[in-house]
Amino acid sequence: MKVNFYATFRPLVGGKTIMLPLPEGSTVNVMLQTLFAHYPALTAQMLDENGHLFQHVHVFVNGRDVPFLEQGFDTVLKDSDSLDIFPPVGGG
């Protein structure tokens, strides 16, 4: 599955986009666990001490923030889905 990264996450995965091997029927949770297994440096940047995604980190499926999807992190992914992961962004 193609996953796009932005800003400070790009150096941690080696570029803008990666191909992440996922079995058919994987959920967003499975994708994240697979991502952390392949790129352990992301774990401390994306998860709190309880293993929950920081509120300031955003995972989008087809342009929609995962917590706002009907199934949330249990949403089943399709190969055609667009995945984007954003770190906290500040500025003015």
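A few points about this structure:
- Counting the residues of the range 36-92 that are assigned to a loop (DSSP other than H, G, I, E, B) and not charged (D, E, K, R) gives 23.
- Within the range 50-72, residues that are free of Cβ contacts under 8 Å to residues at least 60 places away in the same chain and surrounded by 12 or more Cβ atoms within 10 Å (Cβ to Cβ) sit with their Cβ atoms under 6 Å from residues that are among the aromatic types (Phe, Trp, Tyr) and in a strand (DSSP E or B), at 6+ positions apart or across chains, in these pairs: 58/86.
- Look at the range 16-32: where a residue is under 13 Å from residue 61 (Cα atoms) and a partner is at pLDDT 95 or above and among the acidic types (Asp, Glu), sitting 6+ places away or on another chain with Cβ atoms under 6 Å, you get 27/74.
- Flag for residue 74 being modelled with pLDDT under 95 and out of contact with any Leu (no Cβ under 6 Å at 6 or more places or on another chain): no
- Each residue in the range 1-18 was checked for being outside any helix (DSSP H, G or I) and within 12 Å of the chain's Cα centre (by Cα), and 8 pass.
- Failed item, numbered, when residue 37 is tested on (1) surrounded by 15 or more Cβ atoms within 10 Å (Cβ to Cβ); (2) at pLDDT 95 or above: (1)
The values are calculated or read from the model by the stated rules, or taken from the named source; none is laboratory data. Worth saying up front: this structure is predicted, and the values here are computed from it rather than measured. Quick reminder, even Gly has a Cβ in these numbers, built from the backbone with ideal geometry, and neighbours come from all protein chains shown.
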